[in-house]
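Enquirer: One structure coming up, written as structure tokens, with questions to follow.
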Amino acid sequence: MTGACDVGEAHRKQDGEDERGDRRQLADGPVSRTLAGAAALDLPEELAYARHLHGLGDLHRVTAEPFLPLLVIDRRVALVLLEPGRSDTDALMIRQPGIVAVLVALFEKLWERAADLDGLDLSATEARVLRALAGHDKEETGARALNVSLRKYRAHVAALVP
């Protein structure tokens, strides 16, 4: 299973549900990969939950690139939100092989460029730069948000992006 989602929205258990189901499903099922936006892990409880699932076998990577929620199952079926930006909307199931292949290729490119959750031992400055990357479309606005020069901002970004 392949998914590009915000960790909190996609995996939050209802109060009282047992985590044994997560453990059993991840141990017995296919490989599951989750791509999380950097901003989704700002809250300590979201990061802890992502690390917990990651430890159970749901592989997580983190990206500053913008993406929309996507779930791909066995590279044959894709689910996308009918109304992007609204997590309470219905999903559209896509079975057409050409469209699913394009969505899988998009996910794979995002996955390649994303950082592994285990490797996220960021300094406070690196975390701020990563959040600025995720939250701003232009380098200039990201630099302004951090109150640094564009040149300094670009140097921080270059240090973060392999």
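The values are calculated or read from the model by the stated rules, or taken from the named source; none is laboratory data. None of the values given here were measured: they were computed from a predicted structure. All accessible areas refer to the heavy atoms of the entire protein, side chains included, with ligands and DNA or RNA removed. Shrake-Rupley method; radii C 1.70, N 1.55, O 1.52, S 1.80 Å.
Enquirer: Can you put ASP90, ASP42, ASP137 in order of accessible area, largest first, using a 1.4 Å probe? Could the numbers behind the result be given before it?
Expert: On the way: ASP90 110, ASP42 75, ASP137 160 Å².
So the residues, ranked largest to smallest area, are ASP137, ASP90, ASP42.
Enquirer: Related question: So how exposed is ASP116, as accessible area in Å² (1.4 Å probe, rounded to 10)?
Expert: The value for ASP116 is about 70 Å².
Enquirer: To the nearest Å, what is the center-to-center distance of segment 85-162 and segment 45-65, using C-alpha atoms only?
Expert: Comparing the Cα centres of segment 85-162 and segment 45-65, I get a distance of 15 Å.
Enquirer: Next question. Can you classify segment 73-140 as rounded, prolate or oblate using the Cα gyration tensor, where a ≥ b ≥ c are the square roots of its eigenvalues, rounded means a/c under 1.5, and otherwise it's prolate if a/b beats b/c and oblate if not?
Expert: Numbers: a/c = 2.56, a/b = 1.81, b/c = 1.42.
Prolate, because a/c is 1.5 or more and a/b exceeds b/c.
Enquirer: Note down the accessible area of PHE67, probe 1.4 Å, to the nearest 10 Å².
Expert: Rounded to the nearest 10, that gives 50 Å².
Enquirer: Once neighbouring chains are kept in place and the probe is 1.4 Å, which whole percent of the accessible area of segment 45-162 is contributed by carbon and sulfur?
Expert: Numbers: 4160 of 7440 Å².
Accessible surface attributable to carbon and sulfur in segment 45-162 totals 56 percent.
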